[in-house]
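*Asks:* I have a structure here, written as structure tokens, and I will follow up with some questions on it.
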Amino acid sequence: MKTEDPMKTEDPMKTEDPMKLWLNGAEHELPDGAVLADALATLHVPTSGVAVAVDDDIVPRADWAGYPLRDGTRVEVLTAVQGG
Amino acid sequence: MADDPLVIAGRTFGSRLITGTGGAPNLAVLERALVASGTELTTVALRRLDTSGGTGVLDLLRRLGIEALPNTAGCRTAAEAVRTARLAREALETSWVKLEVIADERTLLPDPIELLDAAEQLVDDGFTILPYTNDDPVLATKLEQAGCAAVMPLGSPIGTGLGIRNPHNLELIVAGAGVPVVLDAGIGTASDAALAMELGCDAVLLATSVTRAHDPERMAHAMRLAVEAGRHARLAGRIPRRYWARASSPDIDV
């Protein structure tokens with residue numbers, strides 16, 4: 001998509017477009033600047049009993065609020081299920 | 001058996017029956033089976049959060065006071081298993097892991113090369129590792145040397161219910177092990193669990209034989225009794241096998 005806005009051509013990082021994420025394999029859109037905690041809130045992720053991986057990083061619970069996201073990031077949220 | 005606890009990595013368990021939670025038709029059936037089994041430690045798998053399903057099995061285990069033992073089921077390489085173990089540690093706040101590294105989907109047999117590699121990495125990372133292993137005494141020794149807290153040889157492949165296909169290998173593993181030996185996989189019915197204990201295993205881990213039984217609660221109860229009976233028989237010391245009969249009544253003046 002081409003844009004005529006000169007601001008955007010000067011600084012492509014400063015876009016108003018939402019970013020696209022993969023949350024447990026499904027595409028989601030979040031506002032630019034959203035952090036991991038925002039993404040997890042859209043899934044109503046409980047605060048205990050889950051583990052979160054962003055691309056190849058396992059992100060401890062304490063870091064969710066400050067963990068920045070980028071367009072195209074894959075977020076995996078895992079929990080215990082019956083098995084074994 | 002309060003006077004004869006199972007001790008793994010310094011932790012004490014009153015029950016020598018470790019259960020899995022897979023295969024139960026629903027949580028209500030699972031709950032009745034877990035209670036009937038008397039287990040204090042039970043495995044769970046790690047999967048994507050289903051926001052509709054929530055964390056039901058964990059809530060159930062917490063309510064029953066049963067420790068959750070995460071597994072690495074489905075992992076095919078050491079790298080996958082290490083990552084899954086680390087995710088499990090984060091999710092369940094436990095460093096205990098039932099380590100499974102499977103070679104192929106048809107047999108679900110452990111891949112010994114990847115298993116040992118994963119065990120070494122995870123022990124170095126501070127995990128308490130309970131590896132699901134082949135009934136191979138050499139591999140069992142190597143896993144123990146790598147620092148595993150127990151070894152968990154199969155009786156036969158997962159979910160087959162074929163029982164203990166190589167009792168002599170199990171005896172060799174028991175004889176050589178300095179850590180607890182847990183018979184893991186292949187149990188079909190109560191006599192298989194009793195045999196595992198009679199052969200000297202310290203505990204039995206089973207899932208399918210209970211969760212897919214016609215009456216899971218009753219089979220769980222049977223397994224509890226079988227493990228206790230087998231343990232008592234092992235400690236009591238069985239008689240030697242003899243070729244010819246030996247009368248058990250006095251052979252004097254009939």
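The values are calculated or read from the model by the stated rules, or taken from the named source; none is laboratory data. All figures in this text were calculated on a predicted structure; none of them were measured in a lab. When we count neighbours, we look across all protein chains shown, and the Cβ atoms used for this are built from the backbone with ideal geometry, even at glycine. Only protein heavy atoms, including side chains, enter the accessible area calculation; ligands, DNA and RNA are left aside. Shrake-Rupley method; radii C 1.70, N 1.55, O 1.52, S 1.80 Å.
*Asks:* Restrict the search to region B:40-111; then list the GluC sites (Glu not before Pro) that DSSP places in a loop and that have at most 10 other Cβ atoms within 10 Å of their Cβ.
*Replies:* On the way: sites: B:GLU40, B:GLU67, B:GLU80, B:GLU90, B:GLU93, B:GLU100, B:GLU105; in loops: B:GLU40, B:GLU93, B:GLU100, B:GLU105.
Passing both the DSSP loop test and the Cβ count: B:GLU105.
*Asks:* Work out Dmax and Rg for chain B from the C-alpha atoms and quote the Rg first, both in angstrom.
*Replies:* 18.9, 80
*Asks:* For peptide B:78-88, compute the average count of partner chain beta-carbon atoms within 10 Å of each residue's beta-carbon.
*Replies:* 2
*Asks:* Let me ask another. Report the convex hull volume per residue for region A:19-79, counting only C-alpha atoms, in Å³.
*Replies:* On the way: hull volume 4.4 nm³, N = 61.
Hull volume over Cα atoms, normalised by residue count, gives 71 Å³.
*Asks:* Distance from the Cα centre of region B:9-63 to that of region B:178-254, in angstrom?
*Replies:* Each part's Cα centre sits 24 Å from the other's.
*Asks:* Which values, in whole Å and largest first, are the semi-axes of the equivalent ellipsoid of region B:1-144 obtained as the square root of 5 times each eigenvalue of the Cα gyration tensor?
*Replies:* Here the semi-axes work out to 25, 20, 15 Å.
*Asks:* Angle check, please: helix B:167-176 long axis (alpha carbons) against the longest principal axis of chain B (alpha carbons), in degrees 0 to 90, nearest 10.
*Replies:* 80 degrees
*Asks:* What is the spin-label model distance, in nm, from A:GLU27 to B:ALA233 if the labels are put 7 Å beyond Cα along the C-beta direction?
*Replies:* The modelled label-to-label distance comes out at 6.1 nm.
*Asks:* Charges on Cβ only, +1 for Lys and Arg, -1 for Asp and Glu, centred on the Cα centroid of region A:19-79; of A:PRO46, A:LEU69, A:HIS28, which one is farthest towards the dipole's positive end?
*Replies:* Result: A:PRO46, furthest along the dipole toward the positive end.
*Asks:* Ignoring ligands, DNA and RNA, how do B:ASP192, B:ASP253 rank by accessible area with a 1.4 Å probe, largest first?
*Replies:* Details: B:ASP192 30, B:ASP253 155 Å².
The ordering from most to least exposed comes out as B:ASP253, B:ASP192.
*Asks:* Continuing with the same structure: Expressed as a fraction of 2.2 N^0.38 Å, the rule-of-thumb size for a compact globular protein of N residues, what is the C-alpha radius of gyration of the protein assembly as shown?
*Replies:* Computed over Cα atoms of the protein assembly as shown, the ratio equals 1.22.
*Asks:* A further question follows. Starting with the highest mean, order B:108-117, B:15-24 by the number of other Cβ atoms within 10 Å, averaged over the residues of each peptide.
*Replies:* Order by mean packing, descending: B:15-24, B:108-117.
*Asks:* Residue by residue through B:33-46, how many Cβ atoms from other chains fall within 10 Å of the Cβ on average?
*Replies:* Mean number of neighbouring Cβ atoms from other chains: 2.
*Asks:* Hey, what angle do you get for helix B:27-37 against the long axis of chain B, alpha-carbon based, 0 to 90 degrees rounded to 10?
*Replies:* For helix B:27-37, the angle is close to 40 degrees.
*Asks:* If you take each beta carbon of peptide A:53-65 and count the beta carbons of other chains within 10 angstrom, what is the mean?
*Replies:* Mean partner-chain Cβ count within 10 Å for A:53-65: 1.
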